[in-house]
Amino acid sequence: MVKDLINDLFYFPIVAFKANIWSKLLLTWVGPKPSLAMRLKFFRDTKLKASPKAKLRLLDFDALKDIQNQTSFFHYQEIKENEDYDQLLLDKSWLNLYPHEVTVIKIENSQGEVFTSHIHHGGPYRGASLKSLRTQITGLCFAARKKGLVVEEVQILHTHPSVEAMVEDENESSFIFNGLSKSDIDLGETLAPFVPYPLRVKAITPVANYSMVF
């Protein structure tokens with residue numbers, strides 16, 4: 001993570017200049033707005049084409065659920081409110097200072113006990129090969145059963161430190177969502193055949209979490 005931070009500090013001014021981030025920071029937010037760190041990341045990572053008159057509005061959980069109920073945009077992704085453990089991972093993502101992904105493998109069990117791997121700073125594809133993930137999952141399941149826990153589901157939880165927003169630009173409106181990516185879905189489809197329990201891949205954003213079972 002330290003290496004990533006140093007790289008970002010070095011390259012961010014160049015990326016910011018090319019993406020014209022500084023002018024985008026002047027766009028109007030209706031209602032609450034994200035922290036400066038989150039706004040900088042949002043404008044760096046999002047292909048946002050908007051006029052200087054555009055207005056941005058944060059989406060909350062109720063808005064996401066309404067969109068899910070009225071459209072097929074999210075397909076098979078489940079959208080739920082964040083729980084205490086989801087919030088803990090978001091806190092580890094340093095949303096107000098250096099927003100970055102964190103990942104953990106969690107064993108859901110009939111006893112309701114929190115049983116997880118160590119928290120990894122970075123996405124599920126960084127710092128761990130698929131073979132390593134399989135090994136970790138196998139070891140955690142064995143340790144959970146040895147402890148007497150009844151395994152119900154294996155979860156790969158990771159944060160998406162991102163902004164869910166609506167962009168109102170003159171007479172047009174558009175939405176920006178940050179649910180499961182193609183890489184997340186590919187990961188689930190690749191790992192599922194090697195996991196003897198339902199495998200859930202879950203992406204946690206500041207306002208809600210998205211997940212699919214494979």
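Computed from the coordinates by the stated procedures, all read-outs in this text should not be read as laboratory data. All values derive from a computational prediction rather than experimental measurement. In this analysis, Cβ positions are derived from the backbone assuming ideal geometry, glycine residues included, and neighbour counts consider all displayed protein chains.
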Quiz item: Taking the Cα atoms only, what angle lies between the long axis of helix 61-70 and the longest principal axis of the chain, rounded to 10 degrees?
Solution: 90 degrees
Practice problem: Place a +1 charge on the Cβ of each Lys and Arg in the chain and a -1 charge on the Cβ of each Asp and Glu, then give the dipole magnitude about the Cα centre in debye, rounded to the nearest 20. | Solution: 740 debye
Self-check item: Per-residue ³J(HN,Hα) for segment 73-88, Karplus 6.51 cos²θ - 1.76 cosθ + 1.60, θ = phi - 60°, Hz, x for Gly and Pro
Solution: 4, 8, 6, 8, 6, 8, 10, 9, 5, 6, 9, 4, 5, 4, 5, 4
Quiz item: Can you work out the FRET efficiency for the pair Y98 and A50, with r the C-beta to C-beta distance and R0 = 25 Å, to the nearest 0.05?
Solution: 0.45
Quiz prompt | Rough spin-label spacing in nm, given labels placed 7 Å along Cα→Cβ, for S132 and Y85 | solution = 2.2 nm
Quiz item: In percent, how large is the relative contact order of the chain, given Cα pairs closer than 8 Å and 6 or more residues apart?
Solution: 23 percent
Exercise. Kindly write out, for segment 33-39 in residue order, the coupling ³J(HN,Hα) from the Karplus curve 6.51 cos²θ - 1.76 cosθ + 1.60 (θ = phi - 60°), rounded to whole Hz, with x marking Gly and Pro.
Key: 10, x, 4, 4, 4, 5, 5
Quiz item: Can you give the FRET efficiency for F61 and A143, using 1/(1 + (r/R0)^6), R0 = 22 Å, r = Cβ-Cβ distance, to the nearest 0.05?
Solution: 0.05
Quiz item: For segment 67-118, which GluC sites (Glu not before Pro) are in a loop by DSSP, counting at most 15 other Cβ atoms within 10 Å?
Solution: E81, E83, E113
